[in-house]
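Trainee: Sharing a structure below in structure tokens format, with a few things to ask.
Each reported figure results from applying straightforward, stated rules to the coordinates on display, with no laboratory input. Model, not experiment: these values are computed from the prediction. Positions of Cβ are generated from backbone atoms using ideal geometry, with glycine treated the same way; all protein chains shown enter the neighbour counts.
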Amino acid sequence: MNALLVIAHPSPSSFTHAMAEVTAGVLSESGYQLTRHDLYAQAFNPVQPTVESANTSSTDPLVETHCADLSKADLIFIFHPNWWSQPPAIMKGWIDRVFRLNTAYGYPDGVGYEGEPVGLLKAKHALIFNTSNTPALREQAVFGDPLETLWRTSVFALCGVSSVHRRMFGPMASSDAAQRAGWLEEVRSVVRQVA
């Protein structure tokens, strides 16, 4: 079984990276083959060039590697902070360039772009772990939790992933070591259940 971990946080000492480390540990213990992509460490270019306008191939070998890894994943894990109710730009660019036509979704024969796409991803489970400085109740009441809609509906449901679990941890700025340890234990527990 193949598990894909994609991390988007500029600081390797972030809680985002700590969640990825815990997840990798649980998956390794469970016998998964791990593929990890730290977008900042890899200097992933989030800007989709004009030559990729058809969104079916890229001259960037890193994009092609990410597409191949996404296609073969049985489990997908996403880690990023909540910035302005969105993922960091590098993560959004990763979605734009990697969740592409004929990799993540396609159209049945005889159906054009105006038709309903079908999901092509092999993975049946996706887990998204976010951090935030906005309290959860305020996030829901004021912003309506746009990250939930983005990941569950706009990305994974469209691409054929039937089970999506997302958890936001925070507020990070006011958390203490005990809270963060408890949150990491929650991550560990959720990943064990899925693995």
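Trainee: Sort out which residues of region 103-144 are touching a residue at least 24 places away in the same chain (Cβ under 8 Å) and among the acidic types (Asp, Glu), and write them in order of number.
Mentor: Listed by number, the list holds a single entry, GLU139.
Trainee: Let me ask another. How many residues are part of a helix (DSSP H, G or I) and within 19 Å of ILE7 (Cβ to Cβ) when one looks only at region 31-70?
Mentor: Qualifying residue count for the region: 8.
Trainee: Let me ask you something else. Looking at region 83-141, which of its residues are farther than 20 Å from GLN48 by Cα, out of contact with any helix residue (DSSP H, G or I) (no Cβ under 6 Å at 6 or more places or on another chain), polar (S, T, N, Q) and part of a loop (DSSP other than H, G, I, E, B)?
Mentor: The answer is SER132, ASN133, THR134.
Trainee: Among what's in region 5-34 and is polar (S, T, N, Q) and closer than 20 Å to GLY93 by Cα, pick the residue that is surrounded by the most Cβ atoms within 10 Å (Cβ to Cβ).
Mentor: Filtering region 5-34 for residues that are polar (S, T, N, Q) and closer than 20 Å to GLY93 by Cα, the one surrounded by the most Cβ atoms within 10 Å (Cβ to Cβ) comes out as THR16.
Trainee: A further question follows. Which ones in region 152-195 are assigned to a loop (DSSP other than H, G, I, E, B), farther than 27 Å from ASN102 by Cβ and not polar (S, T, N, Q)?
Mentor: Scanning region 152-195 gives GLY170, PRO171, MET172, ALA173, ASP176, ALA195.
Trainee: Hey, could you check region 35-64 for residues that are among the hydroxyl-bearing types (Ser, Thr, Tyr) and over 16 Å from the mean Cα position of the chain (by Cα) and say which is surrounded by the fewest Cβ atoms within 10 Å (Cβ to Cβ)?
Mentor: Only one residue tops the list, namely THR50.
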